[in-house]
1. Would you grab the residues whose amide H sits under 5 Å from the one on Tyr457? Only those 5+ places off in sequence or on another chain, please, with H modelled 1.01 Å from N.
2. So who's got an amide H within less than 5 Å of the one on Phe49, skipping anything under 5 residues away but keeping other chains? H placed 1.01 Å off N, in plane.
3. Taking Cα pairs under 8 Å and at least six residues apart, what relative contact order does the chain come out at, in percent?
4. Of the cross-linked pairs Lys32/Lys82; Lys173/Lys198; Lys82/Lys216; Lys52/Lys117; Lys237/Lys303, which ones have a Cα-Cα span greater than 20 Å in the structure shown?
5. Tell me the angle of helix 4-19 to the major Cα principal axis of the chain, expressed in degrees between 0 and 90 and rounded to the nearest ten.
6. Starting from the exponent 0.38 and prefactor 2.2 Å, build the expected Rg for the range 76-167 from its residue count and divide its actual Cα Rg by it.
7. Along the Cα-to-C-beta direction of Arg340, a point sits 7 Å from the Cα; which residues of the range 303-328 have their amide N less than 19 Å from that point?
8. Could you name the lysines whose alpha carbon sits less than 18 Å from that of Lys367, not counting residues in the same chain fewer than 8 places away?
Amino acid sequence: VMTQAQLLCVCLLTLCLTTGYGQEGKFSGPLKPMTFSIFEGQEPSQIIFQFKASSPAVTFVLTGETDGIFQIQPDGLLYHNKALDRETRAVHKLQVSALDAHGNTVEGPVPITIEVKDINDNRPVFLQTSYEGSVRQNSRPGSTIGTLTAHDMDEENTVNSVLEYKIVDQIPKVPRDGLFLVQTYLGTFQLAGQPLKKQDTPQYNLTVEVSDKDFKTLCHVQINIIDINDQIPIFEKSDYGNLTLPEDTAVGSIILTIQATDADEPHTGSSKILYRITQGDIDGCLEIETDPQTNAGYVKVKKPLDFETAAVHNIVFQAENPEPLVSGVQYNASSFASFRLIVTDVNEAPQFSQQVFQAKVSEDVAKGTKVGNVTALDPEGLDIRYSLRGDKRGWLRIDPVTGEIFSVAPLDREAESLYQVQVVATEVGGSSLSSTANFHLTLTDVNDNPPRLVKEYTGLFFCYPPKAPGSLVFEATDDDQQPLLGPRFTFSLGSESLQKDWEVSKINGTHASLSTKHTDFEEKVYHIPILISDSGRPPLQGTVSLAGIILAVVFIRMKGNKGQDNAERAQASEVKPLRN
(Lines give C-alpha, C1' and ligand atoms only; values in the text may rest on other atoms or scores of the structure.)
Protein backbone atom coordinates (compact mmCIF):
# COMPACT_ATOMS: atom_id res chain seq x y z
CA VAL A 1 0.00 0.00 0.00
CA MET A 2 1.39 3.40 -1.03
CA THR A 3 1.88 5.79 1.88
CA GLN A 4 0.70 9.41 1.79
CA ALA A 5 4.27 10.59 1.46
CA GLN A 6 4.84 8.28 -1.49
CA LEU A 7 1.63 9.52 -3.14
CA LEU A 8 2.75 13.15 -2.76
CA CYS A 9 6.09 12.32 -4.34
CA VAL A 10 4.34 10.70 -7.31
CA CYS A 11 2.07 13.71 -7.68
CA LEU A 12 4.97 16.15 -7.57
CA LEU A 13 6.89 14.06 -10.10
CA THR A 14 3.84 14.06 -12.40
CA LEU A 15 3.55 17.83 -12.01
CA CYS A 16 7.17 18.25 -12.97
CA LEU A 17 6.74 16.11 -16.06
CA THR A 18 3.48 17.76 -17.25
CA THR A 19 3.88 21.43 -16.49
CA GLY A 20 7.58 21.86 -16.52
CA TYR A 21 7.54 24.48 -13.80
CA GLY A 22 5.62 26.08 -10.98
CA GLN A 23 6.07 29.31 -9.10
CA GLU A 24 9.79 29.65 -8.20
CA GLY A 25 10.36 25.99 -9.26
CA LYS A 26 8.36 24.59 -6.32
CA PHE A 27 5.45 22.14 -6.50
CA SER A 28 3.82 23.25 -3.27
CA GLY A 29 3.82 26.46 -1.36
CA PRO A 30 1.89 29.28 0.28
CA LEU A 31 -1.35 30.72 -1.15
CA LYS A 32 -0.39 33.63 -3.41
CA PRO A 33 -0.93 34.74 -7.07
CA MET A 34 0.60 32.23 -9.45
CA THR A 35 0.76 31.40 -13.19
CA PHE A 36 1.02 27.91 -14.70
CA SER A 37 1.57 26.79 -18.31
CA ILE A 38 0.06 23.45 -19.38
CA PHE A 39 0.05 21.83 -22.81
CA GLU A 40 -3.37 21.16 -24.27
CA GLY A 41 -4.50 17.59 -24.96
CA GLN A 42 -2.84 15.91 -21.91
CA GLU A 43 -4.49 13.09 -20.02
CA PRO A 44 -6.95 14.12 -17.25
CA SER A 45 -6.30 13.95 -13.45
CA GLN A 46 -3.00 15.82 -13.71
CA ILE A 47 -1.83 17.54 -10.52
CA ILE A 48 -0.82 21.18 -10.95
CA PHE A 49 0.13 22.47 -7.47
CA GLN A 50 -0.59 22.11 -3.77
CA PHE A 51 -1.36 25.27 -1.79
CA LYS A 52 -0.69 25.69 1.94
CA ALA A 53 -2.26 28.36 4.11
CA SER A 54 -0.16 30.24 6.65
CA SER A 55 -3.17 30.54 8.95
CA PRO A 56 -5.00 27.50 10.25
CA ALA A 57 -7.44 26.45 7.53
CA VAL A 58 -9.86 23.64 7.22
CA THR A 59 -10.39 23.67 3.46
CA PHE A 60 -9.58 25.39 0.14
CA VAL A 61 -12.17 26.44 -2.50
CA LEU A 62 -11.73 27.23 -6.23
CA THR A 63 -13.77 29.76 -8.30
CA GLY A 64 -13.51 31.44 -11.71
CA GLU A 65 -13.23 29.99 -15.25
CA THR A 66 -12.99 26.37 -14.19
CA ASP A 67 -15.16 25.10 -17.11
CA GLY A 68 -15.68 21.94 -15.02
CA ILE A 69 -12.05 21.03 -15.70
CA PHE A 70 -10.12 22.47 -12.73
CA GLN A 71 -10.73 21.31 -9.17
CA ILE A 72 -9.04 21.69 -5.78
CA GLN A 73 -8.94 19.24 -2.88
CA PRO A 74 -9.74 20.48 0.66
CA ASP A 75 -6.04 20.09 1.45
CA GLY A 76 -5.12 22.54 -1.36
CA LEU A 77 -4.19 20.10 -4.12
CA LEU A 78 -5.06 21.80 -7.50
CA TYR A 79 -5.52 19.50 -10.53
CA HIS A 80 -7.44 19.17 -13.84
CA ASN A 81 -9.70 16.24 -14.60
CA LYS A 82 -10.07 16.70 -18.39
CA ALA A 83 -7.74 17.41 -21.28
CA LEU A 84 -7.36 21.14 -22.06
CA ASP A 85 -8.16 22.73 -25.45
CA ARG A 86 -6.38 25.98 -26.31
CA GLU A 87 -8.76 26.64 -29.21
CA THR A 88 -11.68 26.59 -26.74
CA ARG A 89 -10.01 28.75 -24.06
CA ALA A 90 -6.36 29.80 -24.15
CA VAL A 91 -6.24 31.29 -20.62
CA HIS A 92 -8.23 30.29 -17.53
CA LYS A 93 -8.63 32.90 -14.78
CA LEU A 94 -9.15 31.19 -11.39
CA GLN A 95 -9.32 32.28 -7.75
CA VAL A 96 -8.32 30.18 -4.69
CA SER A 97 -9.47 30.94 -1.12
CA ALA A 98 -8.66 29.30 2.27
CA LEU A 99 -11.57 28.86 4.73
CA ASP A 100 -11.67 28.06 8.44
CA ALA A 101 -13.97 25.55 10.15
CA HIS A 102 -16.80 28.11 10.21
CA GLY A 103 -16.60 28.77 6.47
CA ASN A 104 -14.94 32.15 6.89
CA THR A 105 -12.22 33.18 4.45
CA VAL A 106 -8.89 33.39 6.22
CA GLU A 107 -6.75 33.87 3.08
CA GLY A 108 -7.48 34.97 -0.45
CA PRO A 109 -9.06 34.87 -2.81
CA VAL A 110 -5.84 35.07 -4.82
CA PRO A 111 -5.70 34.96 -8.67
CA ILE A 112 -4.37 31.83 -10.34
CA THR A 113 -3.70 31.95 -14.11
CA ILE A 114 -3.59 28.82 -16.25
CA GLU A 115 -2.02 29.35 -19.69
CA VAL A 116 -2.85 26.57 -22.16
CA LYS A 117 0.10 25.89 -24.48
CA ASP A 118 -0.59 24.97 -28.11
CA ILE A 119 0.04 21.66 -29.79
CA ASN A 120 -0.55 20.90 -33.47
CA ASP A 121 -3.94 19.27 -33.12
CA ASN A 122 -5.89 21.07 -35.89
CA ARG A 123 -5.91 20.18 -39.56
CA PRO A 124 -5.68 23.11 -42.07
CA VAL A 125 -9.00 23.76 -43.83
CA PHE A 126 -9.71 25.51 -47.15
CA LEU A 127 -12.34 28.26 -46.98
CA GLN A 128 -14.00 26.55 -49.98
CA THR A 129 -14.11 22.88 -50.94
CA SER A 130 -13.52 23.84 -54.59
CA TYR A 131 -12.36 26.89 -56.52
CA GLU A 132 -12.92 28.11 -60.06
CA GLY A 133 -10.78 30.47 -62.06
CA SER A 134 -10.18 31.49 -65.65
CA VAL A 135 -7.30 32.54 -67.85
CA ARG A 136 -7.35 33.95 -71.35
CA GLN A 137 -5.71 31.90 -74.02
CA ASN A 138 -2.29 33.21 -75.05
CA SER A 139 -1.83 34.86 -71.62
CA ARG A 140 1.80 35.22 -70.60
CA PRO A 141 3.37 32.83 -68.06
CA GLY A 142 3.23 34.38 -64.60
CA SER A 143 -0.30 35.76 -65.07
CA THR A 144 -2.21 35.57 -61.80
CA ILE A 145 -5.40 33.48 -61.89
CA GLY A 146 -6.56 33.78 -58.28
CA THR A 147 -5.68 33.04 -54.66
CA LEU A 148 -6.49 29.98 -52.56
CA THR A 149 -7.10 30.59 -48.86
CA ALA A 150 -6.83 28.04 -46.05
CA HIS A 151 -6.95 28.45 -42.27
CA ASP A 152 -5.47 26.58 -39.29
CA MET A 153 -6.98 27.00 -35.82
CA ASP A 154 -3.68 26.39 -34.06
CA GLU A 155 -1.82 29.32 -32.52
CA GLU A 156 -0.93 31.97 -35.06
CA ASN A 157 2.69 32.76 -35.92
CA THR A 158 3.88 29.41 -34.65
CA VAL A 159 5.21 26.35 -36.43
CA ASN A 160 1.82 24.72 -35.82
CA SER A 161 -0.02 27.19 -38.04
CA VAL A 162 2.47 27.70 -40.90
CA LEU A 163 0.76 26.46 -44.09
CA GLU A 164 2.27 25.38 -47.39
CA TYR A 165 0.44 25.00 -50.73
CA LYS A 166 1.34 22.80 -53.68
CA ILE A 167 -0.32 21.27 -56.77
CA VAL A 168 -0.41 17.50 -56.61
CA ASP A 169 -2.35 16.68 -59.80
CA GLN A 170 -3.31 18.23 -63.18
CA ILE A 171 -5.96 16.77 -65.51
CA PRO A 172 -5.53 16.68 -68.48
CA LYS A 173 -1.77 16.79 -68.82
CA VAL A 174 -1.86 18.43 -72.25
CA PRO A 175 0.12 19.81 -73.86
CA ARG A 176 2.16 18.81 -70.78
CA ASP A 177 2.09 18.60 -66.99
CA GLY A 178 3.11 21.51 -64.76
CA LEU A 179 1.23 24.26 -66.61
CA PHE A 180 0.25 25.96 -63.32
CA LEU A 181 1.93 26.81 -60.05
CA VAL A 182 0.80 27.98 -56.63
CA GLN A 183 3.02 30.11 -54.42
CA THR A 184 4.05 27.98 -51.45
CA TYR A 185 3.12 30.25 -48.57
CA LEU A 186 0.71 32.74 -50.25
CA GLY A 187 -1.63 30.42 -52.14
CA THR A 188 -1.52 32.64 -55.23
CA PHE A 189 -2.41 30.62 -58.35
CA GLN A 190 -0.49 31.46 -61.56
CA LEU A 191 0.04 30.33 -65.11
CA ALA A 192 3.47 28.69 -65.17
CA GLY A 193 4.78 26.88 -68.21
CA GLN A 194 3.48 28.43 -71.43
CA PRO A 195 0.53 30.26 -73.03
CA LEU A 196 -2.58 28.09 -73.30
CA LYS A 197 -4.88 27.46 -76.26
CA LYS A 198 -8.54 26.67 -75.95
CA GLN A 199 -8.17 24.31 -78.92
CA ASP A 200 -5.99 22.03 -76.73
CA THR A 201 -8.56 21.85 -73.92
CA PRO A 202 -11.17 24.34 -72.64
CA GLN A 203 -10.72 23.32 -68.98
CA TYR A 204 -8.15 22.01 -66.48
CA ASN A 205 -8.93 20.26 -63.17
CA LEU A 206 -6.27 20.52 -60.50
CA THR A 207 -5.83 19.03 -57.04
CA VAL A 208 -4.14 21.36 -54.55
CA GLU A 209 -2.75 20.36 -51.16
CA VAL A 210 -2.36 22.59 -48.10
CA SER A 211 -0.35 21.25 -45.15
CA ASP A 212 1.13 22.13 -41.79
CA LYS A 213 3.92 20.10 -40.20
CA ASP A 214 1.59 17.19 -39.36
CA PHE A 215 -1.62 17.39 -41.43
CA LYS A 216 -2.66 17.70 -45.08
CA THR A 217 -5.92 18.79 -46.79
CA LEU A 218 -6.87 18.67 -50.48
CA CYS A 219 -9.19 20.83 -52.61
CA HIS A 220 -10.32 20.91 -56.24
CA VAL A 221 -9.51 23.83 -58.59
CA GLN A 222 -11.13 24.25 -62.02
CA ILE A 223 -9.39 26.51 -64.53
CA ASN A 224 -11.38 27.61 -67.60
CA ILE A 225 -9.58 28.77 -70.72
CA ILE A 226 -11.28 31.86 -72.16
CA ASP A 227 -11.23 32.60 -75.85
CA ILE A 228 -9.61 35.91 -76.79
CA ASN A 229 -11.18 38.31 -79.25
CA ASP A 230 -8.88 37.81 -82.22
CA GLN A 231 -11.58 37.55 -84.91
CA ILE A 232 -13.54 40.53 -86.24
CA PRO A 233 -17.25 40.44 -87.30
CA ILE A 234 -17.74 40.08 -91.06
CA PHE A 235 -20.91 41.16 -92.92
CA GLU A 236 -22.61 38.69 -95.24
CA LYS A 237 -22.71 41.51 -97.81
CA SER A 238 -21.39 45.02 -97.88
CA ASP A 239 -24.30 46.74 -99.68
CA TYR A 240 -27.95 46.21 -98.73
CA GLY A 241 -29.21 48.29 -101.66
CA ASN A 242 -32.00 50.91 -101.70
CA LEU A 243 -34.92 51.11 -99.28
CA THR A 244 -37.88 53.46 -99.94
CA LEU A 245 -40.16 54.48 -97.06
CA PRO A 246 -42.92 57.10 -96.65
CA GLU A 247 -42.09 59.73 -94.07
CA ASP A 248 -45.04 58.68 -91.87
CA THR A 249 -43.60 55.18 -91.26
CA ALA A 250 -44.48 54.33 -87.66
CA VAL A 251 -41.81 54.71 -84.99
CA GLY A 252 -40.64 51.24 -83.89
CA SER A 253 -41.08 49.67 -87.33
CA ILE A 254 -38.37 47.19 -88.43
CA ILE A 255 -37.32 48.33 -91.91
CA LEU A 256 -34.28 46.10 -92.61
CA THR A 257 -32.49 43.01 -91.25
CA ILE A 258 -28.68 42.84 -91.50
CA GLN A 259 -26.30 40.00 -90.58
CA ALA A 260 -22.64 39.65 -89.66
CA THR A 261 -20.80 36.62 -88.23
CA ASP A 262 -17.87 36.21 -85.84
CA ALA A 263 -15.56 33.17 -85.62
CA ASP A 264 -14.75 33.60 -81.91
CA GLU A 265 -16.26 31.36 -79.24
CA PRO A 266 -20.09 31.53 -79.46
CA HIS A 267 -22.12 33.38 -76.83
CA THR A 268 -19.14 35.27 -75.41
CA GLY A 269 -18.17 38.92 -75.45
CA SER A 270 -15.70 38.05 -78.20
CA SER A 271 -18.39 36.82 -80.59
CA LYS A 272 -21.37 38.95 -79.63
CA ILE A 273 -22.04 41.62 -82.26
CA LEU A 274 -23.23 45.18 -81.70
CA TYR A 275 -24.27 47.30 -84.70
CA ARG A 276 -23.64 51.04 -84.82
CA ILE A 277 -24.63 53.62 -87.46
CA THR A 278 -21.56 55.66 -88.30
CA GLN A 279 -22.78 57.85 -91.21
CA GLY A 280 -25.96 59.19 -92.80
CA ASP A 281 -28.25 59.56 -89.75
CA ILE A 282 -27.43 62.95 -88.28
CA ASP A 283 -30.87 63.33 -86.62
CA GLY A 284 -30.77 59.87 -84.99
CA CYS A 285 -33.93 58.61 -86.72
CA LEU A 286 -32.72 54.97 -86.83
CA GLU A 287 -31.44 52.39 -84.37
CA ILE A 288 -30.19 48.80 -84.66
CA GLU A 289 -31.03 46.04 -82.17
CA THR A 290 -29.11 42.74 -82.07
CA ASP A 291 -30.75 39.33 -81.72
CA PRO A 292 -28.75 37.72 -78.86
CA GLN A 293 -29.13 34.23 -80.35
CA THR A 294 -28.42 34.82 -84.03
CA ASN A 295 -26.49 38.14 -84.00
CA ALA A 296 -28.94 39.42 -86.63
CA GLY A 297 -29.37 43.21 -86.62
CA TYR A 298 -32.84 44.77 -86.85
CA VAL A 299 -32.83 48.32 -88.24
CA LYS A 300 -35.77 50.20 -86.69
CA VAL A 301 -37.32 53.67 -86.94
CA LYS A 302 -36.42 55.47 -83.71
CA LYS A 303 -37.74 58.97 -84.53
CA PRO A 304 -40.20 60.15 -87.23
CA LEU A 305 -38.69 60.43 -90.71
CA ASP A 306 -38.97 63.83 -92.41
CA PHE A 307 -38.95 64.19 -96.18
CA GLU A 308 -38.65 67.97 -95.90
CA THR A 309 -35.44 67.70 -93.84
CA ALA A 310 -33.71 64.99 -95.86
CA ALA A 311 -35.18 62.87 -98.65
CA VAL A 312 -32.15 60.57 -99.05
CA HIS A 313 -29.92 59.03 -96.37
CA ASN A 314 -26.75 57.13 -97.24
CA ILE A 315 -26.47 54.94 -94.17
CA VAL A 316 -23.18 53.28 -93.15
CA PHE A 317 -23.09 50.93 -90.16
CA GLN A 318 -20.40 48.93 -88.38
CA ALA A 319 -20.40 45.56 -86.62
CA GLU A 320 -18.19 45.37 -83.52
CA ASN A 321 -17.71 43.30 -80.35
CA PRO A 322 -18.28 44.47 -76.78
CA GLU A 323 -15.00 42.73 -75.90
CA PRO A 324 -11.86 44.65 -77.01
CA LEU A 325 -9.85 43.14 -79.82
CA VAL A 326 -6.44 41.75 -78.94
CA SER A 327 -3.40 43.80 -79.74
CA GLY A 328 -2.55 43.74 -83.42
CA VAL A 329 -6.10 42.95 -84.61
CA GLN A 330 -8.24 45.80 -86.04
CA TYR A 331 -11.64 46.22 -87.63
CA ASN A 332 -11.52 46.61 -91.41
CA ALA A 333 -13.89 47.07 -94.37
CA SER A 334 -15.39 43.62 -93.77
CA SER A 335 -16.99 44.97 -90.60
CA PHE A 336 -18.79 47.79 -92.42
CA ALA A 337 -21.88 47.77 -94.68
CA SER A 338 -24.32 50.33 -96.12
CA PHE A 339 -27.73 50.96 -97.63
CA ARG A 340 -29.58 53.93 -99.13
CA LEU A 341 -32.79 55.10 -97.41
CA ILE A 342 -35.14 57.08 -99.67
CA VAL A 343 -37.92 58.96 -97.83
CA THR A 344 -41.06 59.83 -99.83
CA ASP A 345 -43.27 62.82 -99.09
CA VAL A 346 -46.60 62.57 -97.29
CA ASN A 347 -48.92 65.57 -97.09
CA GLU A 348 -48.89 66.73 -93.47
CA ALA A 349 -50.99 69.22 -91.57
CA PRO A 350 -49.56 72.61 -90.62
CA GLN A 351 -47.52 72.61 -87.43
CA PHE A 352 -47.81 75.34 -84.78
CA SER A 353 -44.62 76.55 -83.16
CA GLN A 354 -46.24 75.81 -79.79
CA GLN A 355 -49.48 74.30 -78.58
CA VAL A 356 -50.49 77.10 -76.21
CA PHE A 357 -50.02 80.79 -76.99
CA GLN A 358 -50.50 83.24 -74.14
CA ALA A 359 -50.97 87.01 -73.94
CA LYS A 360 -52.02 89.58 -71.34
CA VAL A 361 -53.78 92.93 -71.87
CA SER A 362 -55.75 95.43 -69.82
CA GLU A 363 -59.51 95.04 -70.02
CA ASP A 364 -59.95 98.64 -71.17
CA VAL A 365 -57.89 98.40 -74.38
CA ALA A 366 -59.46 100.09 -77.36
CA LYS A 367 -61.23 98.07 -80.03
CA GLY A 368 -58.82 97.10 -82.80
CA THR A 369 -55.84 96.68 -80.43
CA LYS A 370 -53.43 93.83 -81.26
CA VAL A 371 -53.51 91.46 -78.29
CA GLY A 372 -51.29 88.60 -79.56
CA ASN A 373 -50.26 86.48 -82.51
CA VAL A 374 -49.69 82.82 -83.45
CA THR A 375 -47.38 81.13 -85.97
CA ALA A 376 -47.57 77.85 -87.87
CA LEU A 377 -45.74 76.34 -90.84
CA ASP A 378 -46.78 73.78 -93.40
CA PRO A 379 -44.18 70.98 -93.82
CA GLU A 380 -44.78 71.00 -97.59
CA GLY A 381 -44.36 74.80 -97.78
CA LEU A 382 -48.00 75.55 -98.63
CA ASP A 383 -49.62 78.82 -97.60
CA ILE A 384 -51.65 78.86 -94.39
CA ARG A 385 -54.90 80.56 -93.43
CA TYR A 386 -55.75 81.20 -89.78
CA SER A 387 -59.18 81.26 -88.15
CA LEU A 388 -60.63 81.30 -84.64
CA ARG A 389 -62.84 78.71 -83.00
CA GLY A 390 -64.73 79.07 -79.70
CA ASP A 391 -64.82 82.92 -79.61
CA LYS A 392 -68.15 82.77 -77.74
CA ARG A 393 -68.20 86.45 -76.71
CA GLY A 394 -67.10 87.77 -80.10
CA TRP A 395 -64.22 89.72 -78.57
CA LEU A 396 -61.42 88.76 -81.00
CA ARG A 397 -60.47 88.72 -84.67
CA ILE A 398 -57.46 86.97 -86.30
CA ASP A 399 -55.68 88.09 -89.44
CA PRO A 400 -56.02 85.02 -91.71
CA VAL A 401 -52.59 85.57 -93.27
CA THR A 402 -50.31 86.86 -90.46
CA GLY A 403 -51.91 85.15 -87.44
CA GLU A 404 -52.14 88.47 -85.54
CA ILE A 405 -55.07 88.63 -83.11
CA PHE A 406 -57.01 91.86 -82.43
CA SER A 407 -59.81 92.95 -80.12
CA VAL A 408 -63.08 93.78 -81.88
CA ALA A 409 -65.33 94.56 -78.88
CA PRO A 410 -64.98 95.94 -75.34
CA LEU A 411 -63.29 93.42 -73.05
CA ASP A 412 -64.62 92.79 -69.56
CA ARG A 413 -62.48 91.10 -66.90
CA GLU A 414 -65.47 90.80 -64.59
CA ALA A 415 -67.25 88.71 -67.23
CA GLU A 416 -64.21 86.48 -68.01
CA SER A 417 -60.71 87.05 -66.64
CA LEU A 418 -59.03 84.31 -68.75
CA TYR A 419 -60.45 84.19 -72.24
CA GLN A 420 -59.64 80.96 -74.13
CA VAL A 421 -60.13 80.32 -77.82
CA GLN A 422 -58.75 77.87 -80.37
CA VAL A 423 -56.71 78.90 -83.38
CA VAL A 424 -57.03 76.82 -86.54
CA ALA A 425 -54.26 76.74 -89.18
CA THR A 426 -55.40 75.33 -92.56
CA GLU A 427 -53.16 74.69 -95.55
CA VAL A 428 -54.19 76.43 -98.77
CA GLY A 429 -54.37 73.85 -101.56
CA GLY A 430 -53.29 70.22 -101.22
CA SER A 431 -55.68 68.31 -98.99
CA SER A 432 -56.65 71.39 -96.93
CA LEU A 433 -55.37 69.73 -93.78
CA SER A 434 -55.59 71.74 -90.58
CA SER A 435 -54.35 71.68 -87.01
CA THR A 436 -55.29 73.60 -83.88
CA ALA A 437 -53.59 75.36 -80.98
CA ASN A 438 -54.90 77.24 -77.96
CA PHE A 439 -54.79 80.99 -77.37
CA HIS A 440 -55.17 82.18 -73.77
CA LEU A 441 -55.78 85.89 -73.18
CA THR A 442 -55.44 87.10 -69.60
CA LEU A 443 -57.32 90.36 -68.83
CA THR A 444 -55.91 92.65 -66.18
CA ASP A 445 -58.30 94.72 -64.08
CA VAL A 446 -59.11 98.42 -64.24
CA ASN A 447 -61.33 100.18 -61.72
CA ASP A 448 -64.47 100.47 -63.86
CA ASN A 449 -67.20 99.33 -61.48
CA PRO A 450 -68.64 101.71 -58.84
CA PRO A 451 -69.43 100.42 -55.37
CA ARG A 452 -72.83 98.89 -54.75
CA LEU A 453 -74.75 97.13 -52.01
CA VAL A 454 -74.20 93.41 -51.77
CA LYS A 455 -78.00 92.99 -51.97
CA GLU A 456 -81.28 94.84 -51.61
CA TYR A 457 -82.16 95.29 -47.93
CA THR A 458 -85.93 94.93 -47.51
CA GLY A 459 -88.20 94.59 -44.52
CA LEU A 460 -86.32 97.17 -42.42
CA PHE A 461 -88.38 99.46 -40.20
CA PHE A 462 -88.46 101.47 -36.99
CA CYS A 463 -91.36 101.28 -34.56
CA TYR A 464 -93.41 104.42 -34.29
CA PRO A 465 -93.30 106.39 -32.21
CA PRO A 466 -89.56 105.76 -31.63
CA LYS A 467 -88.59 105.77 -27.96
CA ALA A 468 -84.80 105.88 -28.61
CA PRO A 469 -82.45 106.42 -31.57
CA GLY A 470 -81.96 103.26 -33.69
CA SER A 471 -79.64 102.08 -36.44
CA LEU A 472 -79.37 99.55 -39.25
CA VAL A 473 -76.26 97.87 -40.80
CA PHE A 474 -75.57 97.51 -44.52
CA GLU A 475 -72.69 96.02 -46.58
CA ALA A 476 -71.07 97.32 -49.79
CA THR A 477 -69.02 95.69 -52.58
CA ASP A 478 -67.99 96.23 -56.18
CA ASP A 479 -67.19 93.94 -59.09
CA ASP A 480 -63.56 94.93 -59.64
CA GLN A 481 -60.58 92.82 -58.54
CA GLN A 482 -60.20 93.31 -54.81
CA PRO A 483 -56.94 93.99 -52.94
CA LEU A 484 -55.27 91.12 -51.07
CA LEU A 485 -56.41 92.60 -47.75
CA GLY A 486 -59.98 93.02 -49.00
CA PRO A 487 -61.96 96.06 -50.17
CA ARG A 488 -61.79 99.36 -48.29
CA PHE A 489 -64.85 101.56 -48.79
CA THR A 490 -65.63 104.92 -47.24
CA PHE A 491 -69.22 105.96 -46.39
CA SER A 492 -70.93 109.35 -46.01
CA LEU A 493 -74.41 110.94 -46.24
CA GLY A 494 -75.32 112.07 -49.71
CA SER A 495 -76.80 115.39 -48.48
CA GLU A 496 -75.64 117.78 -45.75
CA SER A 497 -79.26 118.61 -44.93
CA LEU A 498 -79.71 115.12 -43.48
CA GLN A 499 -76.92 115.45 -40.93
CA LYS A 500 -79.21 116.88 -38.20
CA ASP A 501 -81.40 113.75 -38.28
CA TRP A 502 -79.19 110.91 -39.59
CA GLU A 503 -75.66 109.66 -39.16
CA VAL A 504 -73.49 107.16 -41.15
CA SER A 505 -70.75 105.32 -39.22
CA LYS A 506 -68.09 103.08 -40.84
CA ILE A 507 -67.74 99.68 -39.14
CA ASN A 508 -64.95 98.20 -41.34
CA GLY A 509 -63.85 98.20 -45.00
CA THR A 510 -67.18 96.80 -46.21
CA HIS A 511 -69.80 97.51 -43.53
CA ALA A 512 -71.39 100.70 -42.18
CA SER A 513 -74.44 101.63 -40.12
CA LEU A 514 -77.20 104.26 -40.66
CA SER A 515 -78.47 105.68 -37.35
CA THR A 516 -81.14 108.13 -36.25
CA LYS A 517 -79.88 110.99 -34.04
CA HIS A 518 -83.16 111.58 -32.12
CA THR A 519 -86.73 110.30 -31.74
CA ASP A 520 -88.62 113.27 -33.13
CA PHE A 521 -89.61 111.81 -36.49
CA GLU A 522 -92.83 111.92 -38.43
CA GLU A 523 -94.50 108.77 -39.57
CA LYS A 524 -93.56 108.77 -43.28
CA VAL A 525 -91.11 107.36 -45.82
CA TYR A 526 -87.55 108.71 -45.65
CA HIS A 527 -85.18 108.42 -48.62
CA ILE A 528 -81.59 108.56 -47.34
CA PRO A 529 -78.89 108.81 -50.05
CA ILE A 530 -75.48 107.44 -48.97
CA LEU A 531 -72.26 108.04 -50.89
CA ILE A 532 -69.84 105.04 -51.07
CA SER A 533 -66.29 105.45 -52.46
CA ASP A 534 -63.80 102.67 -53.31
CA SER A 535 -60.00 102.80 -53.08
CA GLY A 536 -59.25 102.23 -56.77
CA ARG A 537 -57.10 104.35 -59.04
CA PRO A 538 -58.89 106.47 -59.90
CA PRO A 539 -61.51 105.93 -57.16
CA LEU A 540 -65.16 105.49 -58.12
CA GLN A 541 -68.25 106.50 -56.13
CA GLY A 542 -71.71 105.05 -55.92
CA THR A 543 -74.79 106.62 -54.33
CA VAL A 544 -77.06 104.23 -52.47
CA SER A 545 -80.60 105.32 -51.62
CA LEU A 546 -81.96 103.85 -48.38
CA ALA A 547 -85.74 104.34 -48.31
CA GLY A 548 -86.96 104.09 -44.72
CA ILE A 549 -90.59 104.07 -43.66
CA ILE A 550 -91.39 104.39 -40.03
CA LEU A 551 -93.74 101.51 -39.17
CA ALA A 552 -93.32 100.36 -42.80
CA VAL A 553 -90.78 98.84 -45.21
CA VAL A 554 -87.38 100.42 -45.90
CA PHE A 555 -86.28 100.25 -49.57
CA ILE A 556 -82.69 100.45 -50.78
CA ARG A 557 -81.61 101.88 -54.12
CA MET A 558 -78.22 102.53 -55.68
CA LYS A 559 -77.37 105.28 -58.14
CA GLY A 560 -74.33 105.08 -60.41
CA ASN A 561 -71.74 107.79 -60.50
CA LYS A 562 -73.20 109.14 -63.70
CA GLY A 563 -76.59 109.61 -62.07
CA GLN A 564 -78.34 106.71 -63.78
CA ASP A 565 -80.55 104.65 -61.50
CA ASN A 566 -79.16 101.11 -61.16
CA ALA A 567 -81.85 99.31 -59.20
CA GLU A 568 -80.54 96.19 -57.47
CA ARG A 569 -82.96 93.44 -56.62
CA ALA A 570 -81.93 91.80 -53.36
CA GLN A 571 -82.87 89.49 -50.55
CA ALA A 572 -83.96 90.14 -46.99
CA SER A 573 -81.49 91.87 -44.68
CA GLU A 574 -79.00 89.80 -42.78
CA VAL A 575 -79.42 92.12 -39.78
CA LYS A 576 -82.46 92.29 -37.58
CA PRO A 577 -84.72 95.34 -37.98
CA LEU A 578 -84.26 97.84 -35.18
CA ARG A 579 -87.35 98.08 -32.98
CA ASN A 580 -88.39 99.86 -29.84
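1. Under 5 Å from the amide H of Tyr457: Ile556.
2. Counting only residues 5 or more places away or on other chains, the set is Leu78.
3. Values: 1395 pairs, mean separation 42.8, N = 580.
Relative contact order of the chain: 7 percent.
4. Details: Lys32/Lys82 25 Å; Lys173/Lys198 14 Å; Lys82/Lys216 28 Å; Lys52/Lys117 26 Å; Lys237/Lys303 27 Å.
As for pairs spanning more than 20 Å Cα to Cα, those are Lys32/Lys82; Lys82/Lys216; Lys52/Lys117; Lys237/Lys303.
5. Once rounded, one gets 60 degrees.
6. On the way: Rg = 24.6 Å, N = 92, 2.2 N^0.38 = 12.3 Å.
Against the compact-globule rule of thumb, the ratio is 2.00.
7. In the range 303-328, the label zone of Arg340 (backbone N under 19 Å from the point 7 Å along Cα→Cβ) covers 306-317.
8. Hits, sequence-local ones excluded: Lys392.
The values are calculated or read from the model by the stated rules, or taken from the named source; none is laboratory data. For clarity, every value in this text was computed on a predicted model and none was experimentally measured. Cβ atoms come from the backbone with ideal geometry, glycine included; neighbour counts cover every protein chain shown. SASA here: full protein model, heavy atoms, side chains in, ligands and nucleic acids out. Shrake-Rupley method; radii C 1.70, N 1.55, O 1.52, S 1.80 Å.
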